[in-house]
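**Student:** Got a structure here, written out as structure tokens. Questions coming.
The values are calculated or read from the model by the stated rules, or taken from the named source; none is laboratory data. Owing to the predicted nature of the structure, the values given are computational and were not obtained by experimental measurement. Note that we place each Cβ from the backbone using ideal geometry, even for glycine, and neighbour counts take in every protein chain shown.
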Ligand SMILES: [Fe+2]
């Protein structure tokens, strides 16, 4: 028996429409979410390996419908009905995929040799009384949950004992998408040259059963077929738990197609597909994108930049301390303004899967409307990369054992070596130099050489706007967690790189990691070289540093007390930056709040080429006396 759900979103609701629904609810609550919380993955609260089996004949879980995606959807809502003769307020429903989550699927090397024997975490969870407020009285409840197509079937289980000591009471039949292997969630990225775009997607088709390809061409003209490459990774490439244990989930196959020799600014359409060896073709949906401008081209160019987005479930599941609810608003604002965005740079802390690999699929589904339409460029953060003894510069456990593997497979970046994850990319009048703060950047390292080469090899007459991007703050931040260490940045960051920023006249350096917004004056060696302003013009004096890590994960705190002289603007809210190059002499930086898209801080830089050439502090060699 099921009760009416109070969730309003109908089955088949699209992501965008559903985001609107949640946005309204979340705006009112977002100030409450400002309380700082440690970025713990909600799934890590579940002691799944402590589960005991206490199947109760009077308890039940039902799901409907049993077949999903009948109209070709990749996401669909299901209704879960359940009953429990001995209900309790901490009973919960876990969603498992594959549907068979019994001990029979545990690997031989399962570290929990004695019962209880469950060895896989649910892909999401929700409390049994979430929408059925009288569940504890009646023992009856229902939930509406959204599922995305992620290569396998699903089942639902009712647990008592709370999250920490789960007792499995009942489980449902399985439900599945019509084609669980379907190609899904394409994400575009700039290729290694200005006239190349790439598309990466996920499917259940290996190279042993199908050939992956893209069908693409100028919109309205003949479409051509190009092969795509296929990659995957295994449990053995994870560095530790939970990625290697309860958080592991088969990633399927990750394909990348290359669109080459693109004509600048033309609109292209594309479709991802797989040709099975029996001749049948399985198609994804059709999408389109605009090819990038030629480097140096004078046209309107707009790039959105943020860090630390994360993901959230629009059905309200997986919540713990408002972990990443902010990501829903940010995603919604970007989707809403997509026609005014040419490229997105997500500078690290991508989805905070933290070793629960199912979350990567859910993240790529959340950003699909953006990433399938404009290049979605990522950088490496601590939550993607850090793991003790794995070569990361920081020896902490923030990646949950992933040690960078899912990030470097799930998203393409135009790096010489995707494992290193540093790269440069040009977009018209912009040059972006993207560092990887999770690997050593200090003078003498390979990364330091890359950063200097990226800065020095750009022709500023053609590409005047030189932007440095990195996940952790290598410049300036008033975050409490730096303040408590007596610093305003990652140790050895600014000290190592400020001479490069100054010498090569880097306009703006942007960072994530600190969940909020902060902008400095043009600053060099801790001193404002120019007074902070909303309008700069003329000769380059020093780099402006911007922290824009308020994409969606729970907000940070700023040091109380007097502000540093270099700290010009702060905002402790969710938001993102947008850079607009109007032409070779005018750049606009806007910081927008995710709750309503309003501009909360901005500045312009106006100058001519000769202003970049002109000498300032520490950025010109002395001239010769010879004539
Ligand atoms: Fe971070």
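**Student:** So in segment 123-176, with the set limited to residues that are in a loop (DSSP other than H, G, I, E, B) and touching a helix residue (DSSP H, G or I) at 6+ places or on another chain (Cβ under 7 Å), which one is farthest from residue 50 (Cα to Cα)? Talk me through it step by step, then tell me what you get.
**Tutor:** Residues of segment 123-176 in a loop (DSSP other than H, G, I, E, B): 123, 128-134, 139, 149-153, 161-166, 172-174.
Now narrow it down to the ones that are touching a helix residue (DSSP H, G or I) at 6+ places or on another chain (Cβ under 7 Å): 123, 128-129, 150, 163, 165-166.
On the way: 123: 17, 128: 20, 129: 23, 150: 26, 163: 10, 165: 6, 166: 7 Å.
Only one residue fits best here, namely 150.
**Student:** Still on this structure, I have one more. Of the conditions (1) surrounded by 20 or more Cβ atoms within 10 Å (Cβ to Cβ); (2) touching a strand residue (DSSP E or B) at 6+ places or on another chain (Cβ under 7 Å), residue 150 clears all except one; give me its number.
**Tutor:** (2)
**Student:** Every residue in segment 263-279 that is assigned to a loop (DSSP other than H, G, I, E, B) and touching a strand residue (DSSP E or B) at 6+ places or on another chain (Cβ under 9 Å), please.
**Tutor:** Looking only at segment 263-279, we keep the residues that are assigned to a loop (DSSP other than H, G, I, E, B), and these are 263-266, 277-279.
Across segment 263-279, the qualifying residues are 263, 265, 266, 277.
**Student:** Which condition number in (1) without any contact (Cβ under 8 Å) to a residue 40 or more places away in the chain; (2) within 14 Å of the ligand (Cβ to nearest atom); (3) surrounded by fewer than 23 Cβ atoms within 10 Å (Cβ to Cβ) is the one that residue 404 fails?
**Tutor:** Status for residue 404: all satisfied but (3).
**Student:** So how many residues does segment 448-465 have that are surrounded by fewer than 19 Cβ atoms within 10 Å (Cβ to Cβ) and assigned to a helix (DSSP H, G or I)?
**Tutor:** The number of residues fulfilling the criteria is 5.
**Student:** From the list 468, 421, which residue is modelled with pLDDT of 95 or more and either part of a loop (DSSP other than H, G, I, E, B) or on the phi > 0 side of the Ramachandran plot (or both)?
**Tutor:** Details: 468 fails: either part of a loop (DSSP other than H, G, I, E, B) or on the phi > 0 side of the Ramachandran plot (or both).
Going through 468, 421 in turn, the sole match is 421.
Conditions (1) part of a helix (DSSP H, G or I); (2) surrounded by fewer than 24 Cβ atoms within 10 Å (Cβ to Cβ), marked per residue:
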{"residue": "491", "(1), (2)": "no, yes"}
{"residue": "496", "(1), (2)": "yes, yes"}
{"residue": "514", "(1), (2)": "no, no"}
{"residue": "532", "(1), (2)": "no, yes"}
{"residue": "545", "(1), (2)": "no, no"}
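**Student:** Inspect all residues belonging to segment 595-618 and state whether any of them is surrounded by 13 or more Cβ atoms within 10 Å (Cβ to Cβ), within 23 Å of residue 516 (Cα to Cα) and touching a helix residue (DSSP H, G or I) at 6+ places or on another chain (Cβ under 9 Å).
**Tutor:** Yes, segment 595-618 contains a residue that is surrounded by 13 or more Cβ atoms within 10 Å (Cβ to Cβ), within 23 Å of residue 516 (Cα to Cα) and touching a helix residue (DSSP H, G or I) at 6+ places or on another chain (Cβ under 9 Å).
**Student:** Does any residue of segment 429-439 turn out to be assigned to a loop (DSSP other than H, G, I, E, B) and more than 23 Å from the chain's Cα centre (by Cα)? Show your work before the answer.
**Tutor:** Just the residues of segment 429-439 that are assigned to a loop (DSSP other than H, G, I, E, B), to begin with: 429, 435-439.
If we keep only those that are more than 23 Å from the chain's Cα centre (by Cα) too, we end up with 429.
Yes, segment 429-439 contains a residue that is assigned to a loop (DSSP other than H, G, I, E, B) and more than 23 Å from the chain's Cα centre (by Cα).
Every residue, every condition in (1) out of contact with any helix residue (DSSP H, G or I) (no Cβ under 8 Å at 6 or more places or on another chain); (2) in the same structural domain as residue 468 (by TED's automatic domain parsing); (3) within 25 Å of residue 429 (Cα to Cα); (4) within 16 Å of the ligand (Cβ to nearest atom), yes or no:
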position: 515; (1), (2), (3), (4): yes, yes, no, yes
position: 535; (1), (2), (3), (4): yes, yes, yes, no
position: 539; (1), (2), (3), (4): no, yes, yes, no
position: 542; (1), (2), (3), (4): no, yes, yes, no
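**Student:** Would you check if residue 491 is more than 21 Å from residue 551 (Cβ to Cβ), in the same structural domain as residue 383 (by TED's automatic domain parsing) and within 16 Å of the ligand (Cβ to nearest atom)?
**Tutor:** Working: more than 21 Å from residue 551 (Cβ to Cβ): yes; in the same structural domain as residue 383 (by TED's automatic domain parsing): yes; within 16 Å of the ligand (Cβ to nearest atom): yes.
Considered against the rule, which asks whether it is more than 21 Å from residue 551 (Cβ to Cβ), in the same structural domain as residue 383 (by TED's automatic domain parsing) and within 16 Å of the ligand (Cβ to nearest atom), residue 491 comes out as yes.
**Student:** Okay, next question. If residue 252 passes every condition in (1) in contact with a strand residue (DSSP E or B) (Cβ under 8 Å, 6 or more places away or on another chain); (2) on the phi < 0 side of the Ramachandran plot but one, which one does it miss?
**Tutor:** Result: residue 252 fails condition (2) only.
**Student:** Sticking with this one: Being part of a loop (DSSP other than H, G, I, E, B), in contact with a strand residue (DSSP E or B) (Cβ under 7 Å, 6 or more places away or on another chain) and over 30 Å from residue 433 (Cα atoms), is that true of even one residue in segment 225-246? Outline the logic, then answer.
**Tutor:** At the first step, the residues of segment 225-246 found to be part of a loop (DSSP other than H, G, I, E, B) are 232-234, 238-246.
Then keep just the ones that are in contact with a strand residue (DSSP E or B) (Cβ under 7 Å, 6 or more places away or on another chain); that gives 232.
Among the residues that remain, those that are also over 30 Å from residue 433 (Cα atoms) are: none.
No, every residue in segment 225-246 fails to be part of a loop (DSSP other than H, G, I, E, B), in contact with a strand residue (DSSP E or B) (Cβ under 7 Å, 6 or more places away or on another chain) and over 30 Å from residue 433 (Cα atoms).
**Student:** Can I ask one more? Please work out which residue is modelled with the lowest pLDDT, limiting yourself to segment 473-487 and to residues that are away from the ligand (no atom under 16 Å from the Cβ) and in contact with a strand residue (DSSP E or B) (Cβ under 9 Å, 6 or more places away or on another chain).
**Tutor:** 483
**Student:** Still on this model: Go through segment 384-401 and give me each residue that's within 16 Å of the ligand (Cβ to nearest atom) and either outside the structural domain of residue 338 (by TED's automatic domain parsing) or under 17 Å from residue 249 (Cβ atoms) (or both). Break it down stepwise before answering.
**Tutor:** The initial filter retains those residues of segment 384-401 that are within 16 Å of the ligand (Cβ to nearest atom), namely 384-387, 392-400.
Correct list: 384, 399, 400.
**Student:** What is the number of the single condition among (1) under 20 Å from residue 430 (Cα atoms); (2) surrounded by fewer than 24 Cβ atoms within 10 Å (Cβ to Cβ); (3) within 16 Å of the ligand (Cβ to nearest atom) that residue 470 does not meet?
**Tutor:** (2)
**Student:** Taking the stated definitions as given, is residue 424 in contact with a helix residue (DSSP H, G or I) (Cβ under 9 Å, 6 or more places away or on another chain) and away from the ligand (no atom under 15 Å from the Cβ)?
**Tutor:** Numbers: in contact with a helix residue (DSSP H, G or I) (Cβ under 9 Å, 6 or more places away or on another chain): yes; away from the ligand (no atom under 15 Å from the Cβ): yes.
Spelling it out, residue 424 is indeed in contact with a helix residue (DSSP H, G or I) (Cβ under 9 Å, 6 or more places away or on another chain) and away from the ligand (no atom under 15 Å from the Cβ).
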